[in-house]
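Read through the structure below, which is laid out as structure tokens, and then see the notes.
The values are calculated or read from the model by the stated rules, or taken from the named source; none is laboratory data. Since we're looking at a predicted model, the values are computed, not measured. Neighbour counts are summed over all protein chains in view; Cβ atoms, including those assigned to glycine, are modelled from backbone coordinates with ideal geometry. Ligands, DNA and RNA are stripped out before the accessible areas are found, and what is left, the full protein with its side chains, is counted by its heavy atoms. Shrake-Rupley method; radii C 1.70, N 1.55, O 1.52, S 1.80 Å.
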Amino acid sequence: MLNKKVVVVFSGGQDSTTCLFWALKEFDEVLAVTFDYGQRHKLELEVAKAICQELGIEHHVLDMSLLNQLAPSALTRDDIAIADNPETGLPSTFVEGRNMIFLSFAGILAKVKGAKHIVTGVCETDFSGYPDCRDMFIKSQNLTLNLSMDYEFVIHTPLMWLDKAQTWELADKLGRFDYVREKTLTCYNGIIGSGCGECPACHLRSRGLDEYMKNGGAS
């Protein structure tokens, strides 16, 4: 156990909720921060709030609406279809600079609260090619935060090298498999739990769940 205070970047989805439970096991004091950037699945703000209230976790919601103006994507605009972009190789759900901004503000909050640890659920194994989910970016951002505030932050990424089946396994090992399965919101269309079953986020989540269950998980 790290025995220190941590700020968890928290959306109320499968990954960040699994990270939240991981942080509760590893740290003495856990705070969560959620960002309102005009996401189309805005219900995630309420889901994040409800989970934090249930678990008794100090929760902060920060207004990032400017990100919606600067970086329109399928996650922030109903008139943009969820699809791959052949020009960039990235799906239309990519929000430019999102994790860079989220981690910067999480760092500011952490310093104000006297926390030197930040947890985020980014993953380079099962992801959509988002450049700001790569391990290289996280290491770079960690150094930038430390230099910008003259503070010794440590960014933890418990899911970085896990595929979705392994993420389900981690939730199970933490004793929170059913909680994550039933109470989190991953779906881009804002449906809690199993989701709509149609969007890319639901496909990724369900494939990982099916693989984990097929291999004897959660029995």
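The single condition among (1) in a loop (DSSP other than H, G, I, E, B); (2) without any contact (Cβ under 8 Å) to a residue 24 or more places away in the chain that Ser206 does not meet is (1). Candidates in the range 173-201 are the residues that are assigned to a helix (DSSP H, G or I) and over 21 Å from Thr120 (Cβ atoms); of these, the one that is least open to solvent (accessible area, probe 1.4 Å) is Phe177.
Within the range 174-183, can one find any residue that is aliphatic (A, V, I, L, M) and over 17 Å from the mean Cα position of the chain (by Cα)? Yes, there is a match, as at least one residue in the range 174-183 is aliphatic (A, V, I, L, M) and over 17 Å from the mean Cα position of the chain (by Cα). If you check Ala48, Ala23 for being surrounded by 21 or more Cβ atoms within 10 Å (Cβ to Cβ) and farther than 20 Å from Ile191 by Cβ, only one passes: Ala23.
When Met136, Met160 are checked against the criterion of being crowded, with 17+ Cβ neighbours inside 10 Å and either in a loop (DSSP other than H, G, I, E, B) or without any contact (Cβ under 8 Å) to a residue 24 or more places away in the chain (or both), Met160 stands alone in meeting it.
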